[in-house]
Structure formats: C-alpha cells, structure tokens
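Peer 1: I have a structure here, written as structure tokens, and I will follow up with some questions on it.
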Ligand SMILES: Cc1cc2nc3c(=O)[nH]c(=O)nc-3n(C[C@H](O)[C@H](O)[C@H](O)COP(=O)(O)OP(=O)(O)OC[C@H]3O[C@@H](n4cnc5c(N)ncnc54)[C@H](O)[C@@H]3O)c2cc1C
C-alpha cells in the first residue's frame, strides 16, 4: 500500500495545475487518473501537415493566474498569443456575416441590433438592478439591453463558450462578472466604466484578456505541466477507483492496467473529476448531497477539424464566425484556427474547426459520420463560399461530456459541495462542477486550491 499526504483525482488541466503548485511547495502528493494519458479533454493531433485540437482550441488570459502559470512553464513550452489581425468575430444575420462591433461607431452602424435597442441602450445605466439572484441570462439581457442584443450578441457568444442556451444559464454562476457588474454598480455600462481599481494593479494587469494557445497546440500546456511535476508523481491508468474513509483520512482503491490492486492511503483528497464521476468515486456520500453535487448537465458536442492544402474560399480574416440560434443553421460556429496561430496548416492552406450540437441541437450529435460530413459540406460550401468540398483533412471528434451548463440547480450543487467539504475534513470537491468552465477558470481554481493546502 502506498501512502501520501494529498491525492489529486483527475489529471486534466485543473488537477495538473494544482499538482504543479503543490510541487512548488514541496508537498507530498500523487496525481491519479483512470486514463493512461494526462490532459483530460485537452488533446492536440498532428497529421498531414495540420495541427488540430480535440477539445478546447483557445483560452483567454482572463485571470493573473494564467499568466503566472505560463511564466512558470516557459522553460518547457512557448505561449502563443492569437494573431491580433484576426481579432474580429463574425456573427451571421439573415445569411450574411457582420463583424461584432468593437467601438461606438461600429456599435451604432451595425445591422446586428435594432435601432430601438440601440436607443434603449442609452437608458441602460438608469435601469434598476435585478432582484432575482437566480435570474437566467436571457431574461437579464432582455431586461437591460433588449431582445436584438440577446439574439445577435449574447446568444452567439454563449453558443461559442457554453454551446448553451442563455435562457437556461443562471447569470450568477455562468457569467459571474456580468452579474456582479449589475449588482455592484447597477449597470453593465456604468459598471464597466466605474469598476473599482484593483488593490494590486500590476497583478491585475497580467490578465490581458488576450487569446492564447501554445506553439504546436494545447497538448504542449498539459505535457509541460507533467514535465514540471515529474512523471513519478503521476499515477495513470488506475481504473475502478473508489474512495473510502479510513483512520481520519481516506483510502483510494483501484486496479492497475494488469488488473492488480492499487491502494493509496492519504490525509487529503482533491477531486477534479466531472460531476458524472462523483457517484462511483465517493459511495459514502449521503444520498441528498450526492444527488445535488452530481446534478450538472454536460452538453454533447461534435467538433470537426477540416483542413485544406490550398484555400480557395472566402478570406478567413477573423477569429471565427458565430451563428445565432435564430438563423436555424446546423452548425454552432466556425473557428479560423490557421488565421489565429502559426503552423497549423500547410502554407497557402487553411484549418477550420466546426462545432455541432450543443444544448439546443442534441439531435445532431446522433448523426453518423457520413451524415456529419454531408452536413459540414453543405454548411461550409455556403458559409465559406467554396465551389468544391475536397478537404485534405477531415476529422470528426465526439465529446459526450463536453461543456457543463450552470443552470438553476447550481445553487443546490454549490450548497451541497460546501456541506460535503465541511462534513469530510480534508476533502475538496473541485473541477468544473464549480467556479467556471474555461481553461482560465480551471487554472485559477487549481492554483487557489494548492495555495490553501
Ligand atoms: C470540446 C470542448 C471545447 C472546449 N473549448 C474551450 C475553449 O475554447 N476555451 C476554454 O477556455 N475552454 C474550453 N473548454 C473547456 C476546457 O477544456 C475545460 O474547462 C478544461 O480543460 C477542463 O479541465 P479539468 O481538469 O477541470 O477537467 P477534465 O479535462 O475533464 O479532466 C478530468 C480528469 O478526470 C479524470 N477522471 C474522470 N473520471 C475519473 C475517475 N472515475 N477516476 C479517475 N479519474 C477520472 C479524466 O480522465 C480526466 O483526465 C472546452 C471543452 C471541451 C470538451
């Protein structure tokens, strides 16, 4: 039987980040995962001269913790910031692409929003803040900004992040910064202008909000974390894991790849697995709290990487293109990956990533590969103005537990997580069951937990 002070369950970005900072503190820990590889949902493939992601494609440096982590890892990998010339986001309206406005003039002239809502926006700072803490995002945006902003700004934005539905997401959990702007300052616009100067300005400035990847793809990030931690601290391929309470701490039981038993005694456990894995790992949780803690819906999505050795379609002069639900198309959006980052495709070629499915189009996730190909061909020929569709790379990647949706049940989930952590000293329930779904949130959470241990 092995013994360690801390077990981290799950070697995705959250678990790896936590492990990295525990390692820096010279604490005794083991990082355990059922898969034989690290990285969780982060995985880059290299094939036929293309570099494409199977999972997240880009992150945002939205917390100082992200900048700190990249700084720590610079001897192992090179951070890559997206090409600023490709900053534009297109949104489809009535079959035409329009750039999402980035300033006052484009905000006034854009056909994405109605004149009524543009005028109405002038009154946004004077509208009273909402009183329902569990108000959904669609209601909040309709109330403060108007329906055209909901349909042609917030809806495509939420499709891009959550593959979700603003009417199902509770703002307080899904977009806490937006919720706090209204609660603390009474307005989105007023709040953005008056937001308090952070106490530590130089620290806050590290959160540049730039779009990041890593040279050669995001696998470089998780592989660098593994290198910095050291392979001996990572116990991979441990299946059938069950945690028991033992001697004031915990006992992890599982089996290795030969079917031989693995047992590790520990004082503390940090779980970073998804909600769907909690039940099998912690059978001693009481039924009510367990039901609440695992009550988190993960939407399915299909991700398709499409590469062309020679690009003959419309210019890919943007981050990508988002497609509001109202447009009734069969894809959620297209990311122009080869415009964002170097070396993702052969010279003169192009690499795009398409997302299909999400909360409102789960039916499309049941399509077989031939049907997905037919759908992508139809949509890309039209949307990217292609006469023929003969890609040199076409890869379909299916994600059964892609993006968690922070919906109305989040309140009970957060309360039950707190109750379980109080009841079982040394247990931390983390990962994307709380505190945000993006890579930046995962890095921040992993670091914060390690600092508290
Ligand atoms: C398709 C897709 C696109 C995304 N796009 C973006 C994006 O563009 N930008 C962005 O910022 N974020 C994006 N995200 C979200 C981001 O990738 C995740 O938030 C982040 O990578 C999750 O890291 P994690 O460590 O919390 O979880 P995971 O990566 O899910 O890791 C959890 C780990 O737990 C392990 N595990 C599960 N069950 C058990 C068990 N029973 N026993 C032991 N181990 C177990 C798993 O094997 C896995 O390694 C995307 C996610 C997906 C799926």
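Peer 1: Where in region 139-170 does the amide nitrogen come within less than 11 Å of the point 7 Å from the Cα of residue 122, taken along Cα to Cβ?
Peer 2: none
Peer 1: Continuing with the same structure: Between residue 421 and residue 106, what's the calculated FRET efficiency when r is the beta-carbon distance and R0 is 41 Å? Round to 0.05.
Peer 2: On the way: r = 47 Å, r/R0 = 1.14.
It comes out at approximately 0.30.
Peer 1: With 10 angstrom as the radius, rank 21, 76 by how many other C-beta atoms surround their C-beta, starting from the fewest. Could you put the intermediate results ahead of the total?
Peer 2: Values: 21 21, 76 15.
So the residues, fewest neighbours to most, are 76, 21.
Peer 1: Then there is this: What is the Cα coordinate range of the chain on the first, second and third principal axes, sorted by size from largest, in whole angstrom?
Peer 2: 67, 55, 44
Peer 1: Continuing with this model, one more query. Rounded to the nearest 500 deg cm²/dmol, what is the calculated helix-only ellipticity per residue at 222 nm for the chain, with -39500 (n - 2.57) per DSSP H run of length n ≥ 4?
Peer 2: Working: 17 runs with 145 residues, N = 453.
Only helices count here, giving -9000 deg cm²/dmol.
Peer 1: Test of understanding: extend the Cα→C-beta vector of residue 347 to 7 Å, then name every residue of region 45-81 with backbone N under 20 Å from that spot.
Peer 2: 47-51
Peer 1: I need 444, 88, 24 ordered by Cβ neighbour count within 10 Å, fewest first. Please report the intermediate quantities before stating the final value.
Peer 2: Numbers: 444 23, 88 16, 24 13.
Starting with the residue having the fewest Cβ neighbours, the order is 24, 88, 444.
Peer 1: Can I ask one more? Can you give me the C-alpha center-to-center distance between region 355-397 and region 195-224, rounded to a whole angstrom?
Peer 2: 32
Peer 1: Between 0 and 90 degrees, rounded to the nearest ten: what's the tilt of helix 369-383 against the longest Cα principal axis of the chain?
Peer 2: Result, in degrees: 40.
Peer 1: Tell me, in nm to one decimal, what length is gained between residue 167 and residue 183 on full extension, where the rule is 0.36 nm per residue of separation less the Cα-Cα distance? Each step should come with its number before you reach the end.
Peer 2: Working: separation 16, 0.36 × 16 = 5.76 nm, distance 1.95 nm.
That pair, residue 167 and residue 183, stretches by 3.8 nm at full extension.
Peer 1: Report the label-to-label distance for residue 78 and residue 286 in nanometres (one decimal), using points 7 Å from each Cα along the Cα→Cβ vector.
Peer 2: Placing both labels 7 Å beyond Cα along the Cβ direction yields 5.6 nm.
Peer 1: What number, in percent, do you get for the relative contact order of region 113-203 if the mean sequence gap of Cα pairs under 8 Å and at least 6 apart is divided by its residue count?
Peer 2: Working: 93 pairs, mean separation 29.3, N = 91.
Taking the mean separation of contacting Cα pairs over the length of region 113-203, I get 32 percent.
Peer 1: How do 97, 115, 311 line up, fewest other C-beta atoms within 10 Å first?
Peer 2: Details: 97 16, 115 10, 311 19.
Ranking 97, 115, 311 by Cβ neighbours within 10 Å, fewest first, gives 115, 97, 311.
Peer 1: Describe numerically, in nm with one decimal, the distance between label points set 7 Å from Cα along Cα→Cβ at residue 26 and at residue 88.
Peer 2: For residue 26 paired with residue 88, the spin-label model returns 5.5 nm.
Peer 1: If you fit an axis through the alpha-carbon atoms of helix 410-423 and take the longest principal axis of the Cα set of the chain, what angle between them do you get, 0 to 90°, nearest 10?
Peer 2: 20
Peer 1: Using a 7 Å offset from the Cα along the Cα-to-Cβ direction at both residue 255 and residue 387, what is the distance between the two label points in nm, to one decimal?
Peer 2: Label at residue 255, label at residue 387, 5.9 nm between them.
Peer 1: May I ask for the angle, rounded to the nearest 10°, between helix 13-24 and the longest principal axis of the chain, with both axes built from Cα atoms and the value confined to 0 to 90°?
Peer 2: Value to nearest ten degrees: 50.
Peer 1: Give me the percent relative contact order of the chain, please, defined on Cα pairs under 8 angstrom at least 6 residues apart. The partial results should precede the final answer.
Peer 2: Working: 905 pairs, mean separation 116.2, N = 453.
Averaging sequence separation for qualifying contacts and normalising by length gives 26 percent for the chain.
Just so you know, all these numbers are worked out from the coordinates, no wet-lab data involved. Quick caveat: nothing in here was measured; it's all calculated off a predicted structure. In this analysis, Cβ positions are derived from the backbone assuming ideal geometry, glycine residues included, and neighbour counts consider all displayed protein chains.
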